1. Going through 102, 67 one at a time, which residue ends up being assigned to a helix (DSSP H, G or I) and either of a type in the set (Asp, Glu) or buried (at least 16 other Cβ atoms within 10 Å of the Cβ) (or both)?
2. Would you check if there is a residue in segment 75-84 being β-branched (Val, Ile, Thr) and in a loop (DSSP other than H, G, I, E, B)?
3. Of the residues that make up segment 73-83, is at least one surrounded by fewer than 19 Cβ atoms within 10 Å (Cβ to Cβ) and either at pLDDT below 95 or under 22 Å from residue 136 (Cα atoms) (or both)?
4. When the residues of segment 5-18 are filtered to those that are part of a loop (DSSP other than H, G, I, E, B), touching a residue at least 60 places away in the same chain (Cβ under 8 Å) and of a type outside the set (Lys, Arg), which remaining residue is surrounded by the fewest Cβ atoms within 10 Å (Cβ to Cβ)?
5. Any chance you could count how many residues in segment 139-153 are part of a strand (DSSP E or B) and farther than 23 Å from residue 80 by Cα?
6. Has segment 126-138 got any residue that is assigned to a loop (DSSP other than H, G, I, E, B), free of Cβ contacts under 8 Å to residues at least 40 places away in the same chain and exposed (fewer than 13 other Cβ atoms within 10 Å of the Cβ)?
7. Might you check whether a residue that is under 24 Å from residue 148 (Cβ atoms), part of a helix (DSSP H, G or I) and of a type outside the set (Val, Ile, Thr) occurs anywhere in segment 30-48?
8. Quick one: is residue 56 in contact with a Ser or Thr (Cβ under 8 Å, 6 or more places away or on another chain) and of a type outside the set (Val, Ile, Thr)?
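The values are calculated or read from the model by the stated rules, or taken from the named source; none is laboratory data. Here the structure is a predicted model, which is why all the values come from computation and not from measurement. When we count neighbours, we look across all protein chains shown, and the Cβ atoms used for this are built from the backbone with ideal geometry, even at glycine.
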Amino acid sequence: MKATETKLKGCFVLEPTVFEDDRGYFYENHNHKDFCEAVGGEVTFVQDNVSYSKKGVLRGLHFQEGEHAQAKLISVLQGRIQDVVVDLRQDSPTFGQHISMELSDENNKQLFIPRGMAHGFLTLSESAKVLYKCDNYYNKEAEGSIRYNDPILEIDWEKDFGEILLSERDEKAQDWNIYLKQ
């Protein structure tokens, strides 16, 4: 596995070693020992989530706070997404900055997101199945959401293909300015 740290400290792009032949391919989606070595610390995942989204669905920017914060390992099982991470750690030199990258079932890249970051993605293909490995259990009272199109964050979502579809929760997400005042 190849691990590359992004500009957001502790956030890594992981590229598995893929073994291909005439029958197809094989790779390890997660090997605990290799993963912990790649990210430089012990992370134990306790919950796996799978989402299915149609083209144009944008989920995020979501996070959990306090003792319920979650680190996540994101993989795309089918399709193609634009994945975005925003650094919410106020003591971080990259606080308020974000990264954006494409994850797909073709490039097999994964994204490790440490605790203290918001995460979201936009489905670019006709549909996408996304696997989230989480190191903490979901807690509704600890969830938060930042508006995907907040002008201060200046996230360039790939909107040229059509309409963005949001959940009611994401339509009501808070502005970045409100988050800054917490």
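1. Only one candidate qualifies: 67.
2. No; the residues of segment 75-84 include none that is β-branched (Val, Ile, Thr) and in a loop (DSSP other than H, G, I, E, B).
3. yes
4. Across segment 5-18, the extreme among qualifying residues is 18.
5. 2
6. No, that holds for no residue.
7. no
8. Spelling it out, residue 56 is indeed in contact with a Ser or Thr (Cβ under 8 Å, 6 or more places away or on another chain) and of a type outside the set (Val, Ile, Thr).
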